[in-house]
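A.B. asks: Take a look at the following structure, please.
The values are calculated or read from the model by the stated rules, or taken from the named source; none is laboratory data. Small disclaimer: the values here were computed from a predicted structure and weren't measured. As a convention, Cβ positions derive from the backbone with ideal geometry for all residues, glycine included, and neighbour counts pool all protein chains shown. Accessible surface is based on the protein model in full, side chains and every heavy atom, while ligands, DNA and RNA are left aside. Shrake-Rupley method; radii C 1.70, N 1.55, O 1.52, S 1.80 Å.
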Amino acid sequence: MKRVLLLTVGLLFLIALTASGCAEDAVSPTPGAEVSSSCVTCHTSEELLQQLAVEEEEEVSEETTGEG
Amino acid sequence: MPPVEAWEKVFADDAEFAQDVHGEVGCVICHGGDSSVEELSEEGMQAAHEGLVADPSDGNCNTCHSDIAENNECSLHTTLSGFTSALEARGGNLEEGSPLAEAFENHCQECHTTCGQCHVSRPDEAGGGLVSGHEFEETPKMKDNCVACHGSRVGDEFLGENEGVLMDIHRKKGMQCTSCHGEELHGSAEIAEDRYHTVTTISCDDAGCHEDVWINTEDNPQHEQHLTDLACQVCHSVDYKNCYSCHVSIDEEGLASRTSEPSVMDFKIGLNPIRSAERYYKYVLLRHVPTCADGFEYYGENLLPDFDAESTWKYATPHNIQLDTPQNASCDSCHGNAELFLTEDDLRPEEIDANQDVVVPQIPNPEY
């Protein structure tokens, strides 16, 4: 009886282990693809951004005075 | 806040952000644009940014954070109901197409904020720009986020930026805005009238802070005498900023313009205009808010027809708390000291009617 119990627990453990391994494979594929996109390449390059980034000019009325 | 260069605003100092739970979904899912463009040039940048949404908070954050986003729909940061309820209380008509609604859209709506403007970037109103690369900060940063908008009054008080006034004792001990403010920043399921009427509004004895004040009153005769009739700030706050006479218009170039008088440092104790079971004190501090009866006259005449229905000196909780203050030095420091109290003599003639309910009719007896 004890052996049957141990065998059952062992089997359940193996099933759980296999299932978790499968689940990990299922969520991993595409996400990393974006890492090498041009967005990341540019936005992590200080040099490139200094060349390309332009401040959008915010027009503020010269008549505005006082604190907000 | 010191200016931030254009490139710094969009610079993520390493690619780690692309590996976290938000980065895993890819840039274009939230921001749009075209991530397949490979040319690293101005033309390439323009092509990649075609259809870009710089702040994609709306319609994205709620996909995963639905519980917070649902409450946030009703938060003061989203609805600006603190502004609208004050205008409506003065008889203002904010129905779509009305002159006041147009003014509100042109001058007040900019104070609205989004999830991203607290948790990823600085608020648009403060010039925007990523705070810590593209990291999502669960807790907004005090100077980059909170004070970027709440700077001129509460921020200056808390940080001790008003000349001659010490920083708040809580700040001196290292506390941040979020040490006290938390849940109420996202609102609750109901639209609140203003920040003093939210379901989750905090108080000094919340979360285990200052509960002892209520327990050991015999060690402190001032607490024993005044705990139930004075708001904490009446004894523990010092001079704070008051604003007057804000007028809005559109200038000759079509830009939204605003003028107000220079702010005034002052300290006024008055009658509690929002006395309730939670805010039971008779006396509170009052701050003059920048409103005035003709502030919107550019958009039409008499747009606040019941201006006097609401006081211009409003319930205030200045964030410059000190243990020892001039008014709590002794009984005589406050009792009989007319300078500390808001009386009719302090009011502008055109605001006398509006403030009848908050002026102190008789200065507390000097002989107590």
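A.B. asks: Where residues in the range B:26-35 are facing another protein chain (nearest Cβ under 7 Å) and without any contact (Cβ under 8 Å) to a residue 12 or more places away in the chain, which of them is least open to solvent (accessible area, probe 1.4 Å)?
C.D. replies: So the residue we want is B:G26.
A.B. asks: If a residue must be assigned to a helix (DSSP H, G or I) and polar (S, T, N, Q), how many such residues does the range B:112-166 contain? Break it down stepwise before answering.
C.D. replies: Step one: filter the range B:112-166 for residues assigned to a helix (DSSP H, G or I), giving B:116-119, B:124-126, B:142-149, B:151-159.
Cutting the leftovers down to polar (S, T, N, Q) gives us B:117, B:145, B:152.
The number of residues fulfilling the criteria is 3.
A.B. asks: If I go through the range B:294-322 residue by residue, how many of them are in a loop (DSSP other than H, G, I, E, B) and either open to solvent by 60 Å² or more (accessible area, probe 1.4 Å) or without any contact (Cβ under 8 Å) to a residue 24 or more places away in the chain (or both)?
C.D. replies: Here is the first cut: in the range B:294-322, the ones in a loop (DSSP other than H, G, I, E, B) are B:294-296, B:300-306, B:310-312, B:317-322.
Keeping just the survivors that are either open to solvent by 60 Å² or more (accessible area, probe 1.4 Å) or without any contact (Cβ under 8 Å) to a residue 24 or more places away in the chain (or both) gives B:294, B:301-302, B:305-306.
Number of matching residues: 5.
A.B. asks: Let me ask something else about it. For B:E193, state whether it is of a type in the set (D, E, K, R), open to solvent by 50 Å² or more (accessible area, probe 1.4 Å) and under 18 Å from the mean Cα position of the chain (by Cα). First the steps, then the outcome.
C.D. replies: Details: of a type in the set (D, E, K, R): yes; open to solvent by 50 Å² or more (accessible area, probe 1.4 Å): yes; under 18 Å from the mean Cα position of the chain (by Cα): yes.
So B:E193 passes the test.
A.B. asks: Going by the conditions given, is B:E350 of a type in the set (D, E), over 30 Å from B:A101 (Cβ atoms) and not in a loop (DSSP other than H, G, I, E, B)?
C.D. replies: Numbers: of a type in the set (D, E): yes; over 30 Å from B:A101 (Cβ atoms): no; not in a loop (DSSP other than H, G, I, E, B): yes.
Taking the combined requirement at face value, the residue does not satisfy it.
A.B. asks: Okay, moving on. Does any residue of the range B:312-325 turn out to be closer than 25 Å to A:E63 by Cβ and touching a helix residue (DSSP H, G or I) at 6+ places or on another chain (Cβ under 9 Å)?
C.D. replies: Kept after step one, since they are closer than 25 Å to A:E63 by Cβ, are these residues of the range B:312-325: B:312.
Pick out the ones that are also touching a helix residue (DSSP H, G or I) at 6+ places or on another chain (Cβ under 9 Å) and you get B:312.
Yes, the conditions are met somewhere in the range B:312-325.
A.B. asks: Quick one: in the range B:36-51, which of the residues that are loosely packed, with under 15 Cβ neighbours inside 10 Å and closer than 12 Å to A:C39 by Cβ is farthest from the other protein chains (Cβ to nearest Cβ)? Working first, answer last.
C.D. replies: Initial filter on the range B:36-51 (loosely packed, with under 15 Cβ neighbours inside 10 Å): B:36, B:38-39, B:41-43, B:46, B:50-51.
Keeping just the survivors that are closer than 12 Å to A:C39 by Cβ gives B:36, B:38.
Working: B:S36: 7, B:E38: 6 Å.
By that ranking, first place goes to B:S36.
A.B. asks: OK, next. Please go through (1) open to solvent by less than 30 Å² (accessible area, probe 1.4 Å); (2) at positive phi; (3) at pLDDT 95 or above for B:G97 and return the number of the only condition it doesn't satisfy.
C.D. replies: With (1) open to solvent by less than 30 Å² (accessible area, probe 1.4 Å); (2) at positive phi; (3) at pLDDT 95 or above applied to B:G97, the lone miss is (1).
A.B. asks: Next question. For the list (1) in a helix (DSSP H, G or I); (2) in contact with a helix residue (DSSP H, G or I) (Cβ under 9 Å, 6 or more places away or on another chain); (3) within 14 Å of chain A (Cβ to nearest Cβ), I need the number of the one condition that B:T78 fails.
C.D. replies: Here B:T78 meets the rest and fails (3).
A.B. asks: If you don't mind, there's one more thing I want to ask. Tally time: how many residues in the range A:38-58 are more than 7 Å from chain B (Cβ to nearest Cβ) and assigned to a loop (DSSP other than H, G, I, E, B)?
C.D. replies: 4
A.B. asks: Testing B:I363 on (1) in contact with a helix residue (DSSP H, G or I) (Cβ under 9 Å, 6 or more places away or on another chain); (2) assigned to a loop (DSSP other than H, G, I, E, B); (3) of a type in the set (V, I, T); (4) crowded, with 20+ Cβ neighbours inside 10 Å, one condition comes back false. Which one is that?
C.D. replies: (4)
A.B. asks: Restricting to the range B:208-258, name every residue that is at pLDDT below 95 and of a type in the set (F, W, Y).
C.D. replies: Of everything in the range B:208-258, just one residue is at pLDDT below 95 and of a type in the set (F, W, Y), namely B:W214.
A.B. asks: Sticking with this structure for a sec: Could you say whether any residue in the range B:84-91 is at pLDDT 95 or above, in contact with a strand residue (DSSP E or B) (Cβ under 8 Å, 6 or more places away or on another chain) and not in a helix (DSSP H, G or I)?
C.D. replies: Step one: list which residues in the range B:84-91 are at pLDDT 95 or above, which gives B:84-91.
From the residues that got through so far, the ones that are in contact with a strand residue (DSSP E or B) (Cβ under 8 Å, 6 or more places away or on another chain) too are none.
No; the residues of the range B:84-91 include none that is at pLDDT 95 or above, in contact with a strand residue (DSSP E or B) (Cβ under 8 Å, 6 or more places away or on another chain) and not in a helix (DSSP H, G or I).
A.B. asks: How many residues are outside any loop (DSSP other than H, G, I, E, B) and surrounded by 16 or more Cβ atoms within 10 Å (Cβ to Cβ) if we restrict to the range B:224-257? Outline the logic, then answer.
C.D. replies: Taking the range B:224-257 first, the residues outside any loop (DSSP other than H, G, I, E, B) are B:224-226, B:230, B:232-236, B:240-242, B:247-250, B:256-257.
Still in the list and also surrounded by 16 or more Cβ atoms within 10 Å (Cβ to Cβ): B:226, B:230, B:232-236, B:240-242, B:247-250, B:256-257.
Counting residues in the range B:224-257 that are outside any loop (DSSP other than H, G, I, E, B) and surrounded by 16 or more Cβ atoms within 10 Å (Cβ to Cβ) gives 16.
A.B. asks: Only one of (1) assigned to a helix (DSSP H, G or I); (2) surrounded by 14 or more Cβ atoms within 10 Å (Cβ to Cβ); (3) acidic (D, E) fails for B:E218. Which number is that?
C.D. replies: B:E218 satisfies all of (1) assigned to a helix (DSSP H, G or I); (2) surrounded by 14 or more Cβ atoms within 10 Å (Cβ to Cβ); (3) acidic (D, E) except (2).
A.B. asks: Name every residue in the range B:53-67 that is surrounded by fewer than 16 Cβ atoms within 10 Å (Cβ to Cβ) and either at negative phi or touching a residue at least 24 places away in the same chain (Cβ under 8 Å) (or both), in order of residue number.
C.D. replies: Kept after step one, since they are surrounded by fewer than 16 Cβ atoms within 10 Å (Cβ to Cβ), are these residues of the range B:53-67: B:53-54, B:58-59, B:63-67.
Passing the criteria: B:V53, B:A54, B:D58, B:T63, B:C64, B:H65, B:S66, B:D67.
A.B. asks: Return yes or no: is B:F11 within 25 Å of B:H134 (Cβ to Cβ), at pLDDT 95 or above, within 13 Å of chain A (Cβ to nearest Cβ) and over 25 Å from the mean Cα position of the chain (by Cα)? Step through it out loud before you land on a result.
C.D. replies: Working: within 25 Å of B:H134 (Cβ to Cβ): yes; at pLDDT 95 or above: yes; within 13 Å of chain A (Cβ to nearest Cβ): yes; over 25 Å from the mean Cα position of the chain (by Cα): yes.
Yes; evaluated as a whole, the condition is true for this residue.
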